[in-house]
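Please read the structure below before turning to the comments.
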Amino acid sequence: MNIIRASITRFNSIEFNVDNINDFNLVQFYVKNRDKSINIISHYNNNNIITLVLSEEVDIKYPCTLYYDEHTFASCDYYKLFACEEFNARFFTLDELGLYYNETFSEFRVWSPVAISVNLLIYNKGDVTDLTSKPTKIQMSEINGLWSVRVDKNLKGRFYTYEINVNGNINEAVDPYAKAVSINGGRGAIIDLLKTDPIGFENDAPINHENFSDTVIYELSIRDISTNKNAGIKNSGKFLGLTEKNTKTKNNIPTGLDYIKYLGITHVQIMPMFDFSYKSIDEKNPYKYNWGYDPQNYNAPEGSYSTNPYSPSCRINELKQMILAFHKNGIGVNMDVVYNHVFEFKSHSFELIFPGYYFRHNEDGSLSNGTDCGNDTASENLMMKRFIVDSMLFWAKEYHLDGFRIDLMGIHDIDTINTLRHKLNILDRNIMLYGEGWNLATSLSNDKKATISNSSKLPEIGFFNDITRDLLQGNVFSKIDRGFISGKEDLESKIMSSALGCTKYSNFISGPFLSPLQSINYISCHDNITLWDRLMFTNSQESEENRLERLKFAIGILLTCQGIPLLSSGMEFAISKGGIENSFISPDEINSIDWERRDEYIELVEYVKVLINLRKTHSGFRLSTLDDIKNNIEFLFVPSKNTVAFIIKSIDITDSWHNIAVIYNANQYSVEVKLTPGTWKLVTNKHVASNKPISSHNGLFLAEGIGVSVLYNTH
């Protein structure tokens, strides 16, 4: 008989499977833990899963082995024990973790119930490759898994790590709670965070919108936005590049921060700016390209975006300068956070400090890999949940951030995301919280995942709306599949749902969301093929003029749908990456924003700019509740196929636009639409978007093909 897998499920019980239950003989089993035997006092069998009850508790600091005979044995894993209520009741802590610094003393705390011993290592230098820097070793003491030590001297300017004796190995690890790090993130840095604030930061006010539907999000990369030679930005690829004013192309058209403000964006969504793996980008010589979805140190900024990555304070100060510059220009900053996986689990602090706790495992003991990055973090384990919440609260408070986009949010459990929302609400300002609610093959049960299908259990959370994305452009996993804007037919009822933010409008027009605030409407973002490149595949036989019409059509729909629109940077001027779908390691030549292309397509930019302004000016485009949608939006009957038309009644008595008519015509020909009685003024058609009326219409309106029409009346 062979033991298939053995797990410690409680401190005094072991669960395991055998390959042949008929050979089972309790007398032949025995348990060893810390080189001593533990007696078995009882057992029971549930569907061939056998549980042994032990006479005493196992010591989790040491391996535990289940033997059947001298030749048949299995090492017991602790994964199930670490997730159980009994473990949490004994070891979960709300004590402050990480480093507390002041000028007279520093206190260090790290959590590891399985560690046999922990030492604090203090270094004079931060570069781990500098072998001349020998550490001072200070022993730490433990209370219920929490290790701490106080050092009564001013340690400012020093660096630190933890030396952990765990599972028979001596590991050196960076503090997971480190708020400042050395070059390439190899050591925690001891600094005074108060001294990192730029001038005026203490008076900085985050951007507050009464409703998140009032926002327009613009996704960008710190590196991409400024590295192209035509950007006119001195601090190329750096945080400071987005603080510069009056940056222009040779055609005297603004770039960088000035351009984002000019476009009318309310919030930027910035791709990873926490410290990501030095193996992705070496901060000493950042010639390699990487988006940064490779977490290393979650609570410190990335050094390659700093003008001096050797200075732990410099990167913090420069990031704060960037955020301050955006806020002074009325633009919020949303941070793209990646808590679902780490770059390399074996070398990450989580695993070095507490093996087996922070990562999710399958029934066979292997790592869960729904992220397709080699590991999934275990947000359902309370101290991992606490870490995520602590980390995001730190970023929100210390850096005055306005929101968070959660990468692969569907990997996380519902309770963690709802808890995070609750904690952010306590800060008493409107902080956006949304993410990718994909249902990925992680070992967490489907009913516990923070996915779109469970959005009713997460009523205050926004979700990237892949329903609308795929309806408009075609299935994201196929470059040639067409959508509504590229020629696919018979999608009218589904487009109606998208126009309503995929909310539960009626029995016939319904999506997954309880509120339009849950719908983050987008067509493409960093990890999809650009919309322009996609049209080059799906509509390759058409002229560039026709494809530009389709691109305008897509953005026009995006900005007139209920919900929260998100544009990827450059989408508004037909950005191309040469058909590359996932350019996460492509060079700057592929990823950097070509500002001269923006100049070339400035008419398209102006079209988008005006639509953004119309959306911001007229509240009918920005309804915030399902009741508002039900009470104020009415669809018009259109006998022609591939056309959707609806009326939005104004809910703002100060808005002169009493009713707004929106028409989506995906046909290549014009379609007659019967409007309600009265005089209607056209402000947007397939060619232009205008803040002033283009023409007036009564009764029937001829909506041009492959375009969005917007009209209003004043009575």
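The values are calculated or read from the model by the stated rules, or taken from the named source; none is laboratory data. Everything numeric in this text was worked out from a predicted model, so none of it was measured. Note that we place each Cβ from the backbone using ideal geometry, even for glycine, and neighbour counts take in every protein chain shown. To get the accessible areas, we keep the full protein, side chains included, count just its heavy atoms, and leave off ligands, DNA and RNA. Shrake-Rupley method; radii C 1.70, N 1.55, O 1.52, S 1.80 Å.
Each residue of the stretch 438-445 was assigned a 3J(HN,Hα) from its phi angle through the Karplus expression (A = 6.51, B = -1.76, C = 1.60, θ = phi - 60°), giving 6, 8, 9, 7, 8, 7, 6, 5 Hz with x at Gly and Pro. Counting only residues at least eight positions apart within a chain, or on another chain, the aspartates and glutamates with an alpha carbon under 18 Å from that of Lys692 are Glu603, Glu606, Asp655. Beyond a 29 Å Cα-Cα separation, which of these cross-linked pairs lie in this structure: Lys156/Lys261; Lys195/Lys328; Lys250/Lys681; Lys641/Lys681? Where the Cα-Cα span goes over 29 Å, the pairs concerned are Lys156/Lys261; Lys250/Lys681. Distance between the modelled labels on Glu344 and Thr136, one decimal in nanometres: 3.1 nm (7 Å Cα→Cβ projection). Using a 4.7 Å Cβ-Cβ cutoff, the cysteines of the chain lacking any partner cysteine are Cys84, Cys314, Cys373, Cys502, Cys525, Cys561. Computed over protein heavy atoms with a 1.4 Å probe, the accessible surface of the chain works out to 39 Å² per residue.
To the nearest ten degrees, helix 414-425 and the longest principal axis of the Cα atoms of the chain are 70 degrees apart.
Checking every one of the GluC sites (Glu not before Pro) in the stretch 477-571 against DSSP loop status and a limit of 15 other Cβ atoms within 10 Å picks out Glu489. Given a 1.4 angstrom probe, I'd like the percentage of the accessible area of the stretch 506-560 that is carbon and sulfur, rounded to a whole number. Reported share for carbon and sulfur atoms: 50 percent. Under a 5 Å amide H cut-off, with hydrogens placed 1.01 Å from N, Val181 pairs with Ala189 among residues at least 5 apart or on other chains.
Here's the list of lysines a cross-link from Lys448 could span, going by alpha-carbon distance under 21 Å and ignoring same-chain residues fewer than 8 apart: Lys80, Lys385, Lys423, Lys457. Per residue, the average separation of C-alpha pairs within less than 8 Å and at least 6 apart gives the stretch 557-650 a relative contact order of 26 percent. Taking the protein heavy atoms of the stretch 398-494 in the context of the full set of protein chains, the accessible area attributed to carbon and sulfur is 48 percent at 1.4 Å. Ranking Ile270, Pro355, Ile580 by how far each Cα lies toward the positive end of the dipole of the chain (charges on Cβ) leaves Ile270 at the top.
The C-alpha atoms of the chain define a longest principal axis, and helix 544-560 lies at about 70 degrees to it. Taking every DSSP helix (H) stretch of at least 4 residues in the chain, weighting each as -39,500 (n - 2.57) and dividing the sum by the residue count yields a mean residue ellipticity at 222 nm of -6000 deg cm²/dmol. Counting Lys and Arg as +1 and Asp and Glu as -1, what is the net charge of the other residues whose Cβ lies under 10 Å from the Cβ of Phe345? Surrounding charge for Phe345 is -2. Could you work out the relative contact order of the chain? I mean the mean sequence separation of Cα pairs under 8 Å and 6+ apart, divided by the number of residues, in percent. RCO, the chain: 9 percent. Each eigenvalue of the Cα gyration tensor of the chain, multiplied by 5 and square-rooted, gives one semi-axis; in descending order these are 51, 32, 21 Å. Taking amide H as placed 1.01 Å from N in the peptide plane, Gly483 has its amide H under 5 Å from the amide H of Gly474, Lys488, each at least 5 places away in sequence or on another chain.
Rounded to the nearest 10 degrees, what's the angle between the helix 312-328 long axis and the longest principal axis of the chain, both from Cα atoms, 0 to 90? With rounding to tens, the tilt is 30 degrees.
With a threshold of 31 Å on the Cα-Cα distance, the over-threshold entries among Lys125/Lys346; Lys630/Lys674; Lys479/Lys649 are Lys479/Lys649.
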